[in-house]
Amino acid sequence: MSVPHPHSTSRPQGFLGRYVFSTDHKVIGVQYWLLALVAVVVAMLLSVLMRLQLAFPTHTWPLLAKIFPTGMSSGVMAPEFYLSLVTMHGTMMVFFVLTTAPMGGFGNFMLPLQIGARDMAFPRLNMLSFWVTCTAFVVLMLAFFVQGGAPLGGWTAYPPLSALGSIAGPGEGAGMTLWIISIALFCAGSVLSALNFLATTLGMRCKGMSMGRLPLTAWAWFTTAVIALLAFPVLLAGGILLLLDRNAGTSFFVPGGLVVAGKLIDHRGGSPLLWQHLFWYFGHPEVYIAILPGMGATSQILSVFSRKPLFGYRAMVGALVAIGLLGFFVWGHHMFVSGMSPYSAIAFSILTLIIGVPSALKTVNWLGTIWGGNLRFTTAMLFALGFVSLFVSGGLTGIALGQTSLDLYLHDTFFVVGHFHIIMGVAAVFAMFAATYYWFPKMFGRLLHEGLGKIHFVLTLVGVYAIFVPMHIQGLMGHPRRYYDASNYTYLTAAQPWHVVITWAAVFTVAAQALFFVNLVWSLRRGPRATANPWEATTLEWTTASPPPHDNFTADPVVYHDPYEYSRPGAPRDYIMQNDPPGAFAEGSS
Amino acid sequence: MGLLFAILIGAITAASVVLMHRAGAEMPPLLSDAAQAVDAQLFLTLVTIGVAFVLAQGLLAWFAWRYRGRAGRTARYVHGHNRLEVGSSVVIGVVFVTLAIMGSRVWAQLHLAQPAPDTLVIEVIGEQFAWNVHYAGPDGVFGRSDPTLYDPQSNPLGLVPDDAAGRDDIVTLNTVAVPVGRPVELRLGSKDVLHSFFVPALRIKQDTVPGLRIPLRFLAKYTGSFEVPCAQLCGLGHYRMKGTLRVLEADEFAAWLVQQKAE
């Protein structure tokens, strides 16, 4: 035992203290990142099972019958098993991948480093947030193993289906209860984490790090934390009300006079639409919780590898804030055909298309950032460029879905599935890949293999477009989503061959991810050792060792420069780090 | 690598445009003028976003190739361009809001216009996993219904037997028959969970919500039989909750009602 240290930042002893119940933001960041990695593998495999069913609906799979003795007892998938895959894939991806990795993972690891802090503001709270989130994941996984299996109502869990218990269908009993508890825990963990991000950003910045000198990534995490703090409590409240409806005899979401499976239900006075308002009041901002950190990482990476200042820094910050704010006023566009007032639908539609303006401005400025640059095509850069391409593709189809009259036809079709998978799914995942290739050397002290990374990029880019563009075509044909089998419908005959194409594309894309995992494992052991600043970047995380020591910096940094000073004329090298002394470089004005 | 990236993005863009263009030919037939108006707005939107798509992907590919890293090249030291940023935002905002307002016109005609005087009203009540269709009969008045009287075989809508208005009512399962050329108002409801009444040929869809009766109006222009898939997840049989919309000549429709009452 060492002598008690005057600061709480002394390095903890023992395996448990260092790697499991650690209060170090870097360890917690890696923990979140690993949790997301586990979740993404499980959720991806679930999607492959769904794709097999959609492409070959009557096929018998003897091997799968052994793995899933209840869901696929005769080798043919049961409809309720298919729907439980739909629910669990969506829930895991949205919460435990798209929310967990960008904020909990990269945000936790990099925010204190980028603002020159030794840790997050509340290290113990940070540890608690992670373990609550991790417990939430375990609870969710348990739903697969209880009587009736996982819930079949989709990740949106609309009542009355979700409020009535197992009478409404298998999985709506114990599985649904576990789902609600998992999401409630996740909400609690996210709120605690958001508080920590806000306190850290506002209170822990080093000398000279004014808000106007924050890297775009830090602005994105800050804005995301504000959104999370306002959105998650609403879902938490909704979840508690739903739990009470199921278990305590209340009727928040269930109206009177319901007859389910021939049985009169003893509820009265509730409104199914109330849940939809609560859910989407959270659910739409959640889209931005998933994508804003990706926007930040993309802005950062494009600037670094274009060797150019970020185009329109102030406009980019303004657009982040505008998207975060407007994101709270558009939730009704998920409900145009729900039975909500047709007047408010028009208001939500116009607000929805207005939110396209800051999003488009960001695209203009990303293009402006690479324009006139001297591009270095690292794997991180390629994934960031891929993010821009996917963000454009997925954003533009939102212009169709944001219109009331087009939702009359396109709502709840595969057009929607294609849209949100491109914008919220793979665009965000591309940003996470970009962030992983970019920050891996800082996190683990070794560089990922660039050659493998580039092949991984090319295969994944082609693969995801081959999966999700055809879904838009099926949507235009009027194919409803969440269908176990579409062969009942003659008007969908032409859509079926596309299911086969999409499934093969999905198998191809999933197989290509093996390259990523091989790269991770190989590089952790054999990758070239990373210097402090392998990318010649400017922000503070690159001023310290890779990986950083326990307290991050040997001396507290002082910031003298804006975050993206690349290729300044007259400077001795093509980048000026934020803490470079001011005298060495003439402060030029743009 | 810059060239490879540019070629990839170019190929993906071209393939996407061709495939989306072809998809238009695969869409279901148009059964009403309103459906035609939805399609017109859809095509206007797809063309607009198609132009923006090609422009943005094109610039991305071109810049990646044009500014690929070379020894001796120096990146421009610029921090932005206010006029470009404000100007592009204004143009994009005007285009987007114009589309939203145009899109709302079709919506307003459907949901906010007064019903025509000779409108035929039909109640359609969803349940796991079927549609109960309720006609008011010659008196034009729907009989009262009571959930405690539901019986899957003999009385699926729980009609009260001693209500005179209900005696001439007609109840069918999964088939909504309507006369051609006459305005129809469906009053949509549900006995249990959410469902959604979706007629691809009419380009309309409306969720059914227990506790609410939601109107949905249309006028079918020609006769035929059209599929009605359920479009809101309602349980394990969601995919097989299939209705049929039969559009009949006026005399055929009258005869059909008589025949249904007899059964």
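At-a-glance table
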read-out	value
Enumeration of residues in the stretch B:239-258 that are under 18 Å from residue B:126 (Cα atoms), in contact with a Pro (Cβ under 8 Å, 6 or more places away or on another chain) and assigned to a helix (DSSP H, G or I)	B:239
Failed condition for residue B:35, given (1) assigned to a strand (DSSP E or B); (2) in contact (Cβ under 8 Å) with a residue 60 or more places away in the chain	(1)
Filter result (among the small types (Gly, Ala, Ser) and either under 20 Å from the mean Cα position of the chain (by Cα) or not in a loop (DSSP other than H, G, I, E, B) (or both)) within the stretch B:103-138	B:103, B:104, B:108, B:113, B:126, B:130
Residue match in the stretch B:158-176 (condition: within 10 Å of chain A (Cβ to nearest Cβ), touching a helix residue (DSSP H, G or I) at 6+ places or on another chain (Cβ under 9 Å) and crowded, with 24+ Cβ neighbours inside 10 Å)	no
Filter pass, residue A:332 being more than 10 Å from chain B (Cβ to nearest Cβ), buried (at least 23 other Cβ atoms within 10 Å of the Cβ), of a type outside the set (A, V, I, L, M, F, W, C) and closer than 30 Å to residue B:110 by Cβ	yes
Qualifying residue in the stretch B:204-212 (condition: part of a loop (DSSP other than H, G, I, E, B) and either of a type in the set (Asp, Glu) or touching a residue at least 40 places away in the same chain (Cβ under 8 Å) (or both))	no
Selection within the stretch A:55-90 - out of contact with any Gly (no Cβ under 9 Å at 6 or more places or on another chain) and either within 17 Å of residue A:197 (Cα to Cα) or among the hydroxyl-bearing types (Ser, Thr, Tyr) (or both)	A:58, A:73, A:74
Residue selected from the stretch A:341-395 under the condition in a loop (DSSP other than H, G, I, E, B) and facing chain B (nearest Cβ under 7 Å), by the criterion farthest from residue A:310 (Cα to Cα)	A:377
Matching helices (runs of 4 or more DSSP H) fully within the stretch A:79-156 where at least 1 residues are without any contact (Cβ under 8 Å) to a residue 24 or more places away in the chain	A:123-142
Residue among A:249, A:189 that is under 24 Å from residue A:151 (Cβ atoms), away from chain B (no Cβ under 14 Å), buried (at least 20 other Cβ atoms within 10 Å of the Cβ) and out of contact with any Lys or Arg (no Cβ under 6 Å at 6 or more places or on another chain)	A:189
Test: residue in the stretch A:169-182 that is under 20 Å from residue A:31 (Cα atoms), part of a helix (DSSP H, G or I) and modelled with pLDDT of 95 or more	yes
Scope the stretch A:407-449; condition touching a Leu at 6+ places or on another chain (Cβ under 7 Å) and over 25 Å from residue A:90 (Cα atoms); matching residues	A:437, A:440, A:441, A:444, A:446
Qualifying residues in the stretch B:181-228 (those that are among the polar types (S, T, N, Q) and buried (at least 24 other Cβ atoms within 10 Å of the Cβ)) - the one farthest from residue B:128 (Cα to Cα)	B:206
Pair list, Cβ under 7 Å, 6 or more apart: the stretch A:556-578 residue more than 11 Å from chain B (Cβ to nearest Cβ) and closer than 12 Å to residue A:210 by Cβ, other residue assigned to a loop (DSSP other than H, G, I, E, B) and β-branched (Val, Ile, Thr)	A:563/A:538; A:563/A:539; A:578/A:538; A:578/A:539; A:578/A:559
Condition met for residue A:428 (within 8 Å of chain B (Cβ to nearest Cβ), in a helix (DSSP H, G or I) and under 25 Å from residue A:332 (Cα atoms))	no
Single condition residue A:442 does not satisfy, out of (1) of a type in the set (Lys, Arg); (2) at the interface with another protein chain (Cβ under 7 Å from one of its Cβ atoms); (3) surrounded by 24 or more Cβ atoms within 10 Å (Cβ to Cβ)	(2)
Selection status of residue A:519, within 22 Å of residue A:29 (Cα to Cα), away from chain B (no Cβ under 14 Å), in a loop (DSSP other than H, G, I, E, B) and at pLDDT 95 or above	no
Residues of the stretch A:293-333 satisfying the condition of being of a type in the set (A, V, I, L, M) and under 28 Å from residue B:76 (Cα atoms)	A:295, A:297, A:301, A:302, A:304, A:310, A:315, A:316, A:317, A:319, A:320, A:321
Cβ pairs under 7 Å, 6+ apart, first in the stretch B:219-230 and within 14 Å of chain A (Cβ to nearest Cβ), second assigned to a loop (DSSP other than H, G, I, E, B)	B:226/B:31; B:227/A:489; B:229/A:489; B:230/B:241
Pick from the stretch B:104-122, criterion more than 14 Å from chain A (Cβ to nearest Cβ) and aliphatic (A, V, I, L, M), ranking: farthest from residue B:179 (Cα to Cα)	B:116
All positions within the stretch B:177-218 that are among the β-branched types (Val, Ile, Thr) and at the interface with chain A (Cβ under 7 Å from one of its Cβ atoms)	B:193, B:204, B:209, B:214
Answer from B:24, B:69, B:103, B:126 - the residue that is modelled with pLDDT of 95 or more and small (Gly, Ala, Ser)	B:126
Neighbours by Cβ (under 8 Å, 6+ apart or cross-chain): first from the stretch B:62-81, touching a residue at least 24 places away in the same chain (Cβ under 8 Å) and more than 7 Å from chain A (Cβ to nearest Cβ); second hydrophobic (A, V, I, L, M, F, W, C) and crowded, with 17+ Cβ neighbours inside 10 Å	B:62/B:6; B:65/B:5; B:65/B:6
Selected residue (only one of B:167, B:144, B:105, B:73 is among the charged types (D, E, K, R) and within 30 Å of residue A:396 (Cβ to Cβ))	B:105
Filter pass, residue A:451 being outside any helix (DSSP H, G or I) and either among the basic types (Lys, Arg) or out of contact with any Asp or Glu (no Cβ under 6 Å at 6 or more places or on another chain) (or both)	no
Leading residue by the ranking (farthest from the other protein chains (Cβ to nearest Cβ)) among those in the stretch A:283-321 that are in contact with a strand residue (DSSP E or B) (Cβ under 7 Å, 6 or more places away or on another chain) and part of a helix (DSSP H, G or I)	A:303
Filter result (surrounded by 12 or more Cβ atoms within 10 Å (Cβ to Cβ) and closer than 19 Å to residue A:365 by Cα) within the stretch B:69-85	B:75, B:76, B:77, B:78, B:79, B:80, B:81, B:84, B:85
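The values are calculated or read from the model by the stated rules, or taken from the named source; none is laboratory data. Not measured: the values here are computed from a predicted model. Positions of Cβ are backbone-derived with ideal geometry, glycine not excepted, and every protein chain shown enters the neighbour counts.
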